[in-house]
Amino acid sequence: MSADLHTLTGAYAAHALSDTERQAFERHLEACPACAQEVRELEATTARLGAAAASPPPPELWDRIRAEALVTRQLPPVVGRAERRRRTGRRGTAAGRRVPPLLAAAAALLVAVLSVTALNLGLLGRADRADRTADLVAAVLAAPDARRFAAQPGGTGQATVVVSRQRGRAVFVADGLPPAPADRTYELWVVNRSGPRPAGLVKVAGEGRVTRLLDGPVTGNEQVAMTVERQGGAARPTSEPVVVVDLKA
Amino acid sequence: MTIGTEQGTSVALTWTRREPPHRPAQAQDPAARPAGDDALERLLALVARGDERAFAELYQRVAAAVFGLVSKVVRNPAQSEEVTQEVFVELWRTAARFDPGRGTARSWIMTCAHRRAVDRVRSAERAARRDDLVGRRDQGRPYDEVAEQVETTLERERVRRSLDALTDLQREAVVLAYYGGHTHREIAELLGVPSGTVKTRLRDGLIRLRDHLGVDA
């Protein structure tokens with residue numbers, strides 16, 4: 001059986017196996033260093049075949065890639081993967097499912113903050129202000145000088161602010177944000193030397209995704225914060241921020 | 001209410017974006033390694049930490065290879081751009097998962113590009129049917145196109161000569177699988193040989209190419 005599998009290195013490196021065959025062969029690879037080495041070499045070989053077909057992409061493709069990358073959450077490294085493999089000679093099956101500790105801590109913190117603030121009942125508020133047009137968001141994300149600032153890990157790790165100083169605007173991007181408690185809303189603030197000013201309410205879409213143009217101009221010398229406020233928002237923050245992003249860093 | 005305004009809480013909460021001094025990759029890239037695989041690995045490590053400049057540089061270095069390969073397999077300009085975009089966003093997303101113990105950065109990137117391209121044509125082809133495969137082969141497509149395209153650089157010339165050094169069956173299997181995106185079963189049908197033969201020819205062919213091209217990994 002396994003003598004048969006050894007001959008699949010070429011078909012595997014060229015992606016010529018069916019899905020089931022590929023999965024079976026990948027299991028075999030974990031236990032067969034000779035095949036793993038051969039696959040490494042044959043993949044390096046196919047990479048040369050690929051490079052021989054090189055042709056330059058249209059110039060505007062980079063702008064699209066960059067804009068999408070800016071709002072795409074990166075995976076954390078799998079800690080200790082190589083270690084574990086060296087020690088046990090098996091793959092770490094748990095690695096793919098493990099929740100990154102940072103994310104877990106951030107989620108716990110956010111839940112804690114929200115449950116405390118949820119105790120305070122607020123007034124029934126108005127509907128969220130309408131988001132600015134997607135065009136403006138796209139313009140900021142694709143601006144040549146756009147820079148991305150992440151929230152402090154250990155605060156809430158998945159919030160990001162993208163700033164274009166040229167355009168004087170910023171976009172708040174989050175992922176995995178729990179919905180605000182009933183009768184509550186998230187509110188954004190731009191904080192400068194003279195204090196916080198309201199920068200808009202946050203609507204949380206499916207899977208906790210948020211892309212929100214900050215109201216008003218941003219110079220890049222501020223912090224952006226998010227608090228939980230009563231429906232309709234507040235003129236001044238009334239709770240501890242659940243997210244702080246420093247744009248000066 | 002305690003949103004940090006100046007030094008107070010803000011310092012503790014500040015996420016320091018400044019990377020350690022960024023050194024241009026060329027400066028560290030000895031001429032002895034024109035392929036720049038070490039540089040790619042270093043760039044990937046920076047990309048894994050969210051470094052956008054490193055991502056831009058990585059793109060500059062490998063975009064033509066990725067886009068060229070994807071275009072060859074996918075054969076539709078708009079879809080090739082889409083797949084190329086998917087590939088680079090995937091690289092950005094998963095850079096931290098790159099494992100140098102499993103191959104070079106270049107291999108990893110090109111393998112990712114090829115897999116995405118193949119996924120795209122396979123999902124498109126599940127709709128279309130087999131007879132179409134024969135039609136495509138009759139156009140004499142993959143190998144001729146490759147042969148046409150490979151004239152400018154030395155690298156292309158070397159790859160072309162290496163392909164020429166294979167037996168016909170090895171070369172057709174390699175070209176139909178890699179540039180054509182076909183499974184070994186489809187190739188078996190196209191060439192009228194058992195699929196076991198296609199598997200071994202693919203392996204023999206790639207091993208011969210490896211030796212001919214002096215690939216080490």
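The values are calculated or read from the model by the stated rules, or taken from the named source; none is laboratory data. None of these values were measured; they are calculated from a predicted model. When we count neighbours, we look across all protein chains shown, and the Cβ atoms used for this are built from the backbone with ideal geometry, even at glycine.
Across the stretch A:20-60, which residue is farthest from residue A:146 (Cα to Cα) among those that are modelled with pLDDT of 95 or more and of a type in the set (Val, Ile, Thr)?
Among them, the one singled out is A:39.
Keeping to the stretch B:160-217, report how many residues are part of a loop (DSSP other than H, G, I, E, B) and either of a type in the set (Val, Ile, Thr) or within 11 Å of chain A (Cβ to nearest Cβ) (or both).
Of the residues in that region, 11 qualify.
Please indicate, with yes or no, whether at least one residue in the stretch A:19-39 is surrounded by 19 or more Cβ atoms within 10 Å (Cβ to Cβ), among the aliphatic types (A, V, I, L, M) and at the interface with another protein chain (Cβ under 7 Å from one of its Cβ atoms).
no
Could you go through the stretch A:221-239 and let me know if any residue there is within 25 Å of the chain's Cα centre (by Cα), assigned to a loop (DSSP other than H, G, I, E, B) and facing chain B (nearest Cβ under 8 Å).
Looking through the stretch A:221-239, none of the residues is within 25 Å of the chain's Cα centre (by Cα), assigned to a loop (DSSP other than H, G, I, E, B) and facing chain B (nearest Cβ under 8 Å).
Checking the structure you have, find out if any residue of the stretch A:206-217 is without any contact (Cβ under 8 Å) to a residue 40 or more places away in the chain, part of a strand (DSSP E or B) and in contact with a helix residue (DSSP H, G or I) (Cβ under 9 Å, 6 or more places away or on another chain).
no
Is it true that some residue in the stretch A:61-79 is modelled with pLDDT of 50 or more, within 10 Å of another protein chain (Cβ to nearest Cβ) and touching a Pro at 6+ places or on another chain (Cβ under 7 Å)?
Checked against the condition, which is being modelled with pLDDT of 50 or more, within 10 Å of another protein chain (Cβ to nearest Cβ) and touching a Pro at 6+ places or on another chain (Cβ under 7 Å), the stretch A:61-79 yields at least one hit.
In the stretch B:89-102, is there at least one residue being at positive phi and either touching a residue at least 12 places away in the same chain (Cβ under 8 Å) or buried (at least 17 other Cβ atoms within 10 Å of the Cβ) (or both)?
The answer is no, given that none of the residues of the stretch B:89-102 is at positive phi and either touching a residue at least 12 places away in the same chain (Cβ under 8 Å) or buried (at least 17 other Cβ atoms within 10 Å of the Cβ) (or both).
Got a sec? Which of B:215, B:198 is of a type in the set (Val, Ile, Thr) and within 19 Å of the chain's Cα centre (by Cα)?
Of B:215, B:198, the one residue that is of a type in the set (Val, Ile, Thr) and within 19 Å of the chain's Cα centre (by Cα) is B:215.
List every residue pair whose Cβ atoms sit under 6 Å apart, with the two residues 6 or more apart in sequence or on different chains, where the first one lies in the stretch A:176-202 and is more than 12 Å from chain B (Cβ to nearest Cβ) and the second, anywhere, is hydroxyl-bearing (Ser, Thr, Tyr) and outside any loop (DSSP other than H, G, I, E, B).
Correct list of pairs: A:180/A:186; A:201/A:185; A:202/A:186.
Which members of the stretch B:168-189 meet the condition of being touching a residue at least 24 places away in the same chain (Cβ under 8 Å) and over 19 Å from residue B:117 (Cβ atoms)?
Matches in the stretch B:168-189: B:169, B:170, B:171, B:172, B:189.
Is it true that some residue in the stretch B:96-110 is within 11 Å of chain A (Cβ to nearest Cβ), closer than 15 Å to residue B:175 by Cβ, modelled with pLDDT under 95 and part of a helix (DSSP H, G or I)?
Let us first name the residues in the stretch B:96-110 that are within 11 Å of chain A (Cβ to nearest Cβ), namely B:96-110.
When the remaining residues are screened for being closer than 15 Å to residue B:175 by Cβ, the result is none.
Checking the stretch B:96-110: not a single residue is within 11 Å of chain A (Cβ to nearest Cβ), closer than 15 Å to residue B:175 by Cβ, modelled with pLDDT under 95 and part of a helix (DSSP H, G or I).
For the stretch A:1-18, name all the residues that are in contact with a Cys (Cβ under 9 Å, 6 or more places away or on another chain), outside any loop (DSSP other than H, G, I, E, B) and surrounded by 19 or more Cβ atoms within 10 Å (Cβ to Cβ).
A:9, A:12
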